[in-house]
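The structure under discussion appears below in the form of structure tokens.
The values are calculated or read from the model by the stated rules, or taken from the named source; none is laboratory data. All values derive from a computational prediction rather than experimental measurement. Every residue, glycine among them, receives a Cβ derived from its backbone with ideal geometry; neighbour counts consider all protein chains shown.
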Number of protein chains: 2
Amino acid sequence: MARNGTLIQQVMAHVRAGIASRSYLPGTRLPSVRQQAGLLGMSVSTVVEAYERLAAEGLVVARPGAGFYVNGPVAPLALLELGPKLDRVVDPLWVSRQSLESAQTTLRPGCGWLPPDWMFEEGIRRALRAQARGPLAELTEYATPLGSPGLRQLLARRMAATGIEVSPEQVMLTESGTQAIDLVCRFLLKPGDKVLVDDPCYFNFHALLKAHQVKAVGVPYTPQGPDVQLFDKALQEHQPRLYITNAGIHNPTGAALSPLVAHRLLKLVESSDLVIVEDDIFADFENQHAPRLAAFDGLARVIQIGSFSKTISASVRCGYLAARPEWIEGLVDLKLATTFGVGRLAQDIILKTLTDSGYRKHMDLVRQRLAENMEKVAQRLRKLRVEPALVPQAGMFLWCRLPQGADAAAVARACLKDGVVLAPGNSFSQSQSAGDYLRFNVSQCADERVFAVLARALSQATAGR
Amino acid sequence: MARNGTLIQQVMAHVRAGIASRSYLPGTRLPSVRQQAGLLGMSVSTVVEAYERLAAEGLVVARPGAGFYVNGPVAPLALLELGPKLDRVVDPLWVSRQSLESAQTTLRPGCGWLPPDWMFEEGIRRALRAQARGPLAELTEYATPLGSPGLRQLLARRMAATGIEVSPEQVMLTESGTQAIDLVCRFLLKPGDKVLVDDPCYFNFHALLKAHQVKAVGVPYTPQGPDVQLFDKALQEHQPRLYITNAGIHNPTGAALSPLVAHRLLKLVESSDLVIVEDDIFADFENQHAPRLAAFDGLARVIQIGSFSKTISASVRCGYLAARPEWIEGLVDLKLATTFGVGRLAQDIILKTLTDSGYRKHMDLVRQRLAENMEKVAQRLRKLRVEPALVPQAGMFLWCRLPQGADAAAVARACLKDGVVLAPGNSFSQSQSAGDYLRFNVSQCADERVFAVLARALSQATAGR
């Protein structure tokens, strides 16, 4: 690095151009370092560094004692790799794939996360810098099987704030909230089992259950939680092994469980062997904590799940689960068998960011911005006769009905062509009864084009009705 | 941070002590910021910062407008959480659990990774610092479904160096090599299927296959690769769906596939529908590349797997798989359904470290150190009549036979009591025919106590024979 970077870059560019023009053919030897230095009028050390960097990039290969050789050809990245897959069927993975694969210029009111500039930038950069100076073992070694003791202790304390009594040894860290649910499914389910989900619910629950070859049974979700009577009916009829739901803010409706429904639900399942997975990923968005099933039940039959992909970073992967003590050993064994370690670096960065004294203030600000945007976006949508089904107490989602029974999948496909990714209702619905709904993420609606493109697609969809 | 850190720490210590002595009871309100400042003779801003940090740690909870409250009690971390589990049965996960759970003072000649001070410290710290300054989206957003295009392009080039022609679109990034194999198993296997493994093989293959409820069938491994005749016999008898093996350096024996065996193997499976998973995790330890099945076969029926946990970091999780193009879509869907994203941060750090011009020189040094240690450790073991079954060409493993048929599991249990984690042979063996073998990691044998403790355990195990 101390050497002249520009000269090194020049040598690298020269070699790259030679390979591209096939002056240097794949498999052949590059001019020796000494020759090349003479040819280009550079120092030997400059050429050595350039060759080493090209070797690090894989463009050339160093054969000890024999010099540097041009590596075999590699097909170029397809130009269309990033960009909408217009022909993909609208299935439970449609929204994820379209959101994750879209180019930077795409607008994503359908995605489930905050824009980068809403995140706790200062805190994450601070954590990374501290990590770069930290003990070497933290940077190179595996985490312990349960995961960072400090982070697990902090999570136990955070859960205590929502009334859940849990010891840090009951907390296992995972790569993501999704991986935590996946491990629970592996631990408890066998193909053909029945699993209750909310209708509508987070679309990835459908994709996950399909991967486990189990049958999802939908229970209609009301503004106070699942419909208790229909839940009871499904319980009797299907003897489900698992119920997967959100804690706190419900995805996609933004509703929250009432204490009454929570209590009734737990009474209903008393005599069954149903296990409940409660995904608490939106906890830090709540203005006031809704009741947690895990708190009412003392983690007897409830497993609590969470992650930080919505509040700290989706790039730094870290999730967790909390469960009754006697299940933890088996879950740890499963985790090791199927992914081996979990990232210690990610755990340490999350712990540093969560304990940064600025985190709470940052989240206060995020909640305030969300509330303001919620109001604004609801108004804009109503003007297009897109009606929110309820006004959520908190969070980023607005679950809306389209005018005149317009087909949300058709609207979403039309908007995708214009660079706007939407989240059509039936991706969330087991019964496919949300065909005229869309989920909007109010943090991703700042660009006016969202509403312009939506308006055009809607007028096409409702023309002649 | 600009404020007086020591004073803030004092206030925090004061509150912690008050909670520990139950002067501040769980659920009760702390003195107001103003009161506390008066009581301690500190400024209000110092107390605010201290309270905020305690809130970030979860010890107290901030209720907007109402002050700070003591959080509920959390059980302390069990004192024995770190430490050997002496009563655990020696199963395929025994070595992993004992190695990962052991305290810092434990010696780990049985583990499968290099000590921290052998790793590319400078490169990793450089990558982290660059990351801390990098674009915000890299720090907060999900990766694309396939993973970082730059890293996939580099991996395609690296594979070209071992003769594997592959386009970057055939490469999918995962959380780890293990997760990549797990996804392949989910994609191709159903419960009850048969899977061929080497006998002995990496113990986690056994644990993984058990999690998939499939039957592992062992094929004896020779110094040139699997025994071809017995492989053929197993193929006819069991119609296996998958064969999982190492590319290059074999774990645990250190042997390498010969071109002759590779060719015969691929001829044998020509008329079957067997898929081969080749785990290339030790590629950068080779002095000379052994033949790759994926190169001979052109990724038609071979899936190549790899990761960086042995060469760059086990703390930064990133693995990959390369497979025929038409399998990639399904594998991406499965990955999203079961873990959602994969860490973009980890991918960016690995890319930066691999393309650091110092990486190749660092690995040259590691290979040299390993060769020296291999020689030294083999000598030390021979003095204890512990005989290497073969002298590996490269890598960190030495597969050794104990004198007089001593029971390796008993020896391992005895050594564990003295703080030394060994890797007993039957953890690796499907047929349980390696009861008098141990696998040694020559990079983890620098401490003399390894040999002293081993000598004592061996003399007990062989006494009276």
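Yes or no, residue by residue, for (1) in contact with a strand residue (DSSP E or B) (Cβ under 7 Å, 6 or more places away or on another chain); (2) over 30 Å from B:L209 (Cβ atoms); (3) among the small types (G, A, S):
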| residue | (1), (2), (3) |
| --- | --- |
| B:A423 | yes, no, yes |
| B:S427 | no, no, yes |
| B:S431 | yes, no, yes |
| B:G435 | no, no, yes |
| B:F440 | yes, no, no |
| B:D447 | yes, yes, no |
| B:V450 | yes, yes, no |
| B:R456 | no, yes, no |
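The residue that is farthest from A:R125 (Cα to Cα), counting only those in region B:114-129 that are within 7 Å of chain A (Cβ to nearest Cβ) and touching a residue at least 60 places away in the same chain (Cβ under 8 Å), is B:M119. Scanning region B:306-336 for residues that are surrounded by fewer than 24 Cβ atoms within 10 Å (Cβ to Cβ), under 29 Å from A:S148 (Cβ atoms) and facing chain A (nearest Cβ under 7 Å) yields B:L334, B:L336. If only residues of region A:204-225 that are touching a Ser or Thr at 6+ places or on another chain (Cβ under 7 Å) and part of a strand (DSSP E or B) are counted, the one that is farthest from the other protein chains (Cβ to nearest Cβ) is A:G225. Out of all the residues in region B:191-205, is one or more farther than 24 Å from A:G341 by Cα, in contact with a Phe, Trp or Tyr (Cβ under 9 Å, 6 or more places away or on another chain) and not acidic (D, E)? Yes - at least one qualifying residue is present in region B:191-205.
Table: residues versus (1) under 26 Å from the mean Cα position of the chain (by Cα); (2) hydrophobic (A, V, I, L, M, F, W, C).
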site: A:V195; (1), (2): yes, yes
site: A:D198; (1), (2): yes, no
site: A:F203; (1), (2): yes, yes
site: A:H212; (1), (2): yes, no
site: A:K215; (1), (2): yes, no
site: A:T222; (1), (2): yes, no
site: A:F231; (1), (2): no, yes
site: A:A234; (1), (2): no, yes
site: A:Q239; (1), (2): no, no
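Count of region B:107-143 residues, restricted to those that are buried (at least 17 other Cβ atoms within 10 Å of the Cβ), over 21 Å from the mean Cα position of the chain (by Cα) and among the basic types (K, R), is 1.
Please tell me if A:S443 is of a type in the set (S, T, N, Q), within 21 Å of A:V219 (Cβ to Cβ) and either surrounded by fewer than 23 Cβ atoms within 10 Å (Cβ to Cβ) or at pLDDT 95 or above (or both). Answer is no for this residue. I need the full set of residues from region B:381-390 which are without any contact (Cβ under 8 Å) to a residue 24 or more places away in the chain and among the hydrophobic types (A, V, I, L, M, F, W, C), in order please. None - no residue of region B:381-390 is without any contact (Cβ under 8 Å) to a residue 24 or more places away in the chain and among the hydrophobic types (A, V, I, L, M, F, W, C), so the list stays empty.
Run down A:A434, A:A457 and say which single residue is at pLDDT 95 or above, in a loop (DSSP other than H, G, I, E, B), among the hydrophobic types (A, V, I, L, M, F, W, C) and in the same structural domain as A:E372 (by TED's automatic domain parsing). It would help to see each step written out before you state the result.
Details: A:A457 fails: in a loop (DSSP other than H, G, I, E, B).
After applying the criteria, what remains is A:A434.
Residue count for region A:158-172 satisfying the condition of being within 8 Å of chain B (Cβ to nearest Cβ) and within 24 Å of the chain's Cα centre (by Cα): 1. For the condition part of a helix (DSSP H, G or I), among the charged types (D, E, K, R) and at the interface with another protein chain (Cβ under 8 Å from one of its Cβ atoms), B:R97 qualifies. Right, A:Q404: polar (S, T, N, Q), over 26 Å from A:N204 (Cβ atoms), without any contact (Cβ under 8 Å) to a residue 24 or more places away in the chain and not in a loop (DSSP other than H, G, I, E, B) or not? Spelling it out, it is not the case that A:Q404 is polar (S, T, N, Q), over 26 Å from A:N204 (Cβ atoms), without any contact (Cβ under 8 Å) to a residue 24 or more places away in the chain and not in a loop (DSSP other than H, G, I, E, B). For region B:407-422: of the residues being charged (D, E, K, R) and not in a helix (DSSP H, G or I), which is surrounded by the most Cβ atoms within 10 Å (Cβ to Cβ)? Per the criteria, the residue is B:D407.
From the list B:S427, B:S431, the one residue that fits, being under 24 Å from the mean Cα position of the chain (by Cα) and in contact (Cβ under 8 Å) with a residue 24 or more places away in the chain, is B:S427.
Buried (at least 19 other Cβ atoms within 10 Å of the Cβ) and at pLDDT below 95: does that describe A:T339? Answer is yes for this residue. Picking from residues in region A:173-182 that are among the β-branched types (V, I, T) and more than 7 Å from chain B (Cβ to nearest Cβ), the one that is farthest from B:N71 (Cα to Cα) is A:I181. Take the conditions (1) crowded, with 19+ Cβ neighbours inside 10 Å; (2) within 14 Å of chain A (Cβ to nearest Cβ); (3) under 17 Å from B:G254 (Cβ atoms); B:A371 misses just one of them, which is (1). With respect to the conditions (1) at pLDDT below 95; (2) within 19 Å of B:E278 (Cα to Cα), B:P149 lacks only one, and its number is (2). Do you know which of the residues in region A:35-67 that are within 12 Å of B:A161 (Cβ to Cβ) and more than 9 Å from chain B (Cβ to nearest Cβ) is surrounded by the most Cβ atoms within 10 Å (Cβ to Cβ)? Taking the candidates together, the pick is A:V60. If the condition is being touching a strand residue (DSSP E or B) at 6+ places or on another chain (Cβ under 9 Å) and within 12 Å of chain A (Cβ to nearest Cβ), then region B:190-203 contributes B:G192, B:Y202, B:F203. Pairing each residue of region B:130-155 that is at the interface with another protein chain (Cβ under 7 Å from one of its Cβ atoms) with any residue that is in a helix (DSSP H, G or I) and of a type in the set (G, A, S), provided the two are 6+ apart or on different chains, yields C-beta distances under 7 Å for B:A132/A:A132. Considering region B:268-283, the residues that are crowded, with 21+ Cβ neighbours inside 10 Å and of a type in the set (D, E) include one that is nearest to B:G395 (Cα to Cα), namely B:D280. When the helices (runs of 4 or more DSSP H) confined to region B:1-83 are screened for residues that are closer than 26 Å to A:A127 by Cα and at pLDDT below 90, those reaching at least 3 such residues are found at B:5-20, B:44-57. Residue check: A:A389 meets all listed conditions (1) under 21 Å from A:A256 (Cα atoms); (2) out of contact with any Ser or Thr (no Cβ under 7 Å at 6 or more places or on another chain); (3) not acidic (D, E) but one, namely (2). The conditions of being outside the structural domain of A:S431 (by TED's automatic domain parsing), at pLDDT below 95 and among the aliphatic types (A, V, I, L, M) are met by A:A207.
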